[in-house]
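Q: Shown below is the structure under consideration.
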Amino acid sequence: MGASDIFILTLVVIAVSAAIIFNRLVGKRQMVKNGWSDIDVQLKRRADLIPQFVNTVKGYAKHERALFQEVAEKRNAALAAGANPTARGNAESALSAPVKRMIALGEDYPELKASDNFLELQRQLAETEDKIEMARRFYNGAVRDLNTLVTSVPSNFIARMTGFRTHDYFEADERDRAAPSVAAVSGS
């Protein structure tokens, strides 16, 4: 085997390795996109439930207008935050606080607390919060894997040459993102 054969073999090994690394990067990026899509679906579901919940609560707690206005404003801001995980996480955290206050109104209005519609919407919101948390964990795991590949040697060279970049995690203030407790409000 001559020097030219070794050189060609080396080039083939490098090309195959680069192709394998590139394909891994593509796969990881697809996992990140899939994870973000799952988060977005659940956040939209929650955003769709909130107006129904507000309307149910309004029927029993008419003088809570400031809270209803705050929920509407924060919901609109969350929907407008777009696909940037940092901006969306901040907006969703800001939305969670007034929603939790609205859920707590059940304690002040016994008729509301006894409403089947209120209890069902509350259950659906709690279920959606759980799904958001699961989707967030999947997404953040996919981001971790992609970011590791993008910043590790030798894949960082391929990533840099082909335009791959790190992604932000989807983080929210855990105190604000805690799922509403159906038992606490319903008295179960």
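The values are calculated or read from the model by the stated rules, or taken from the named source; none is laboratory data. Computed from a predicted model, the values in this text were never measured in an experiment. Positions of Cβ are backbone-derived with ideal geometry, glycine not excepted, and every protein chain shown enters the neighbour counts.
Q: Restricting the range 91-137 to residues that are among the hydroxyl-bearing types (Ser, Thr, Tyr) and assigned to a helix (DSSP H, G or I), which is surrounded by the most Cβ atoms within 10 Å (Cβ to Cβ)?
A: It comes out as SER96.
Q: Failed condition for PRO85, given (1) surrounded by fewer than 20 Cβ atoms within 10 Å (Cβ to Cβ); (2) closer than 15 Å to LYS44 by Cα; (3) of a type outside the set (Gly, Ala, Ser); (4) in contact (Cβ under 8 Å) with a residue 40 or more places away in the chain, with all others met?
A: If we test PRO85 against (1) surrounded by fewer than 20 Cβ atoms within 10 Å (Cβ to Cβ); (2) closer than 15 Å to LYS44 by Cα; (3) of a type outside the set (Gly, Ala, Ser); (4) in contact (Cβ under 8 Å) with a residue 40 or more places away in the chain, just (1) comes out false.
Q: Sticking with this structure for a sec: Give the range 138-153 a look and list any residue that's in a helix (DSSP H, G or I) and out of contact with any Ser or Thr (no Cβ under 6 Å at 6 or more places or on another chain), or say none.
A: PHE138, TYR139, ASN140, GLY141, ALA142, VAL143, ARG144, ASP145, LEU146, THR148, THR151
Q: May I pose another question? If the requirement is being within 26 Å of TYR139 (Cα to Cα), of a type in the set (D, E, K, R) and modelled with pLDDT of 90 or more, which of these qualifies: LYS100, LYS44?
A: None of the other options fit; the residue is LYS44.
Q: Moving on. Determine, yes or no, whether GLU171 is assigned to a helix (DSSP H, G or I), within 13 Å of the chain's Cα centre (by Cα) and under 23 Å from GLU73 (Cα atoms).
A: Answer is no for this residue.
Q: Taking the range 49-82 on its own, how many of its residues are surrounded by fewer than 18 Cβ atoms within 10 Å (Cβ to Cβ) and of a type in the set (D, E, K, R)?
A: 4
Q: Which residue, of ARG46, ARG101, is of a type in the set (D, E, K, R) and more than 15 Å from the chain's Cα centre (by Cα)?
A: Checking each option against the conditions leaves just ARG101.
Q: Condition test on ASP5, is it outside any loop (DSSP other than H, G, I, E, B), among the acidic types (Asp, Glu) and surrounded by 14 or more Cβ atoms within 10 Å (Cβ to Cβ)?
A: In short, no.
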